[in-house]
Amino acid sequence: MKERSTPRTIDEYVSAAPLECRPILENIRKTIRESAPRAEETISYGMPALRQKDILVYFAAFKKHIGLYPPVRGDEKLMRDVAPYAGAKGNLRFPLDKAIPYELIQRIVKARVQATTIRPKRDETSAGLKAPSKGRGVGIKPKLLKRETHFYAGVSKTLPRDKLSEVVSRCLSTVLAFLQKHRVDVTGAPLIRYFVVDYNTGEIEIDIGVPIGKTALPADALVHCGQIPSGTFATVIHRGPYGTLIKRTAALMDWAQQNNVIWSMVEQRKVTRWDGRVEHYLVGPPDEPKSKNWRTEIAILLG
């Protein structure tokens with residue numbers, strides 16, 4: 001089947017947004033362009049964005065607010081002024097039932113222009129692309145956490161592991177566009193769930209998506225509602241770029257082997273099938289442009 005069309009330009013994004021949001025989005029777009037006249041428009045992670053060497057800001061329409069990313073950093077006065085709009089991760093939420101602070105957005109963009117002129121380009125290497133060297137796993141102490149069943153909206157993919165970086169952004173854009181269309185709120189950080197890892201061919205079967213507060217979704221050719229089972233998970237936090245994430249996973253596997261821990265999985269002829277193996281991308285782009293600050297939780301269900 002033909003894939004769902006995701007916006008390719010800001011014009012397409014605005015046209016697809018709810019009618020009441022369109023003039024607000026256009027005014028924000030104009031404000032950003034006036035504050036950064038050299039910036040180029042683009043679509044990134046399914047959201048309108050403006051780039052000047054690096055991404056300056058993303059903005060997006062939601063059910064009850066307009067979101068602005070990444071989290072703002074600036075002088076004391078600017079930080080004080082954005083505080084009333086700051087969400088849990090520091091990204092900004094401008095309620096639709098209140099006046100949009102365009103002058104504040106202008107100040108934010110100017111601060112971002114100044115910041116990006118001295119920032120090195122971020123590491124966009126995707127998760128799990130480089131295999132760890134043998135014997136390089138380090139000792140770790142995972143947390144064992146009991147978790148309830150939770151649901152997510154996701155897109156399924158079967159692909160070589162080294163192609164993962166080419167599809168993650170596109171899949172998340174598809175999911176977020178679908179959720180925005182159906183007014184479904186995202187309740188947590190993006191995730192990748194592993195179903196099958198074939199060590200013979202290097203192929204993986206995964207879902208790429210985001211947690212949601214619903215247990216069902218409207219029928220769609222690409223986006224579906226998935227369910228991560230309840231149980232006890234061994235979890236560790238990886239800090240840093242995604243290129244080294246697989247080393248942290250290997251260390252977790254070593255820990256399990258050394259401590260006779262049994263995963264909820266089946267292995268046959270170097271093909272592993274997992275009931276609950278998930279990576280939660282807690283801190284990362286677009287909220288945090290610096291890869292050294294990225295945090296990813298690896299969570300694997302015990303047998």
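Please treat every number below as a calculation from the coordinates, not as lab data. As the structure is a computational prediction, the values presented were derived from the model and not from experiment. Because the Cβ atoms are built from the backbone with ideal geometry, glycine has one as well, and the counts that use them run over all protein chains shown.
Counting pairs of alpha carbon atoms under 8 Å apart in space and at least six apart in sequence, what relative contact order in percent does the range 153-303 give? Value for the range 153-303: 28 percent. An ellipsoid equivalent to the chain, defined through the eigenvalues of its Cα gyration tensor, has semi-axes of 36, 22, 18 Å when rounded to whole angstrom and sorted largest first.
Mean residue ellipticity at 222 nm, helices only, the chain: -7000 deg cm²/dmol; runs of at least 4 DSSP H residues each add -39,500 (n - 2.57), and the sum is divided by the number of residues.
Using the Stokes-Einstein relation with a Kirkwood hydrodynamic radius computed over Cα pairs, the translational diffusion coefficient of the range 143-301 at 37 °C and a viscosity of 0.692 mPa s comes to 201 µm²/s. A straight line joining the Cα centroids of the range 271-303 and the range 244-265 runs 14 Å.
Close Lys pairs in the range 161-303, defined as Cα atoms under 21 Å apart and 8 or more places apart or on different chains, number 6. Basic side chains Lys and Arg get +1 at the Cβ, acidic Asp and Glu get -1 at the Cβ, and with that the dipole of the chain about its Cα centre reaches some 660 debye.
Normalised Debye scattering of the range 202-247 at q = 0.15, 0.19 Å⁻¹ gives log10 I(q)/I(0) of -0.68, -0.97, counting only Cα atoms as equal scatterers and leaving out solvent. Using a cutoff of 8 angstrom between alpha carbon atoms and counting only pairs six or more residues apart, the relative contact order for the range 10-116 works out to 25 percent. Here the label points at GLN52 and SER230, each 7 Å from Cα along the C-beta direction, are separated by 5.2 nm in the simple model. What angle do you read, to the nearest 10 degrees and between 0 and 90, between the alpha-carbon axis of helix 245-258 and the longest principal axis of the chain? Orientation of helix 245-258: about 30 degrees from the principal axis. For the peptides 183-192, 160-169, the ranking by packing is 183-192, 160-169, with the highest mean count of neighbouring Cβ atoms within 10 Å listed first. Taken over the range 10-116, the ratio of Cα radius of gyration to 2.2 N^0.38 Å equals 0.98. Rounded to the nearest 10 degrees, the angle from helix 168-181 to the longest Cα principal axis of the chain is 60 degrees.
Helix 102-116 versus the longest principal axis of the chain: what is the Cα-based angle in degrees, 0 to 90, to the nearest 10? Tilt relative to the chain: about 60 degrees.
With an 8 Å Cα cut-off and a minimum separation of 6 or more residues, compute the relative contact order for the chain in percent. Rounded, it is 19 percent for the chain.
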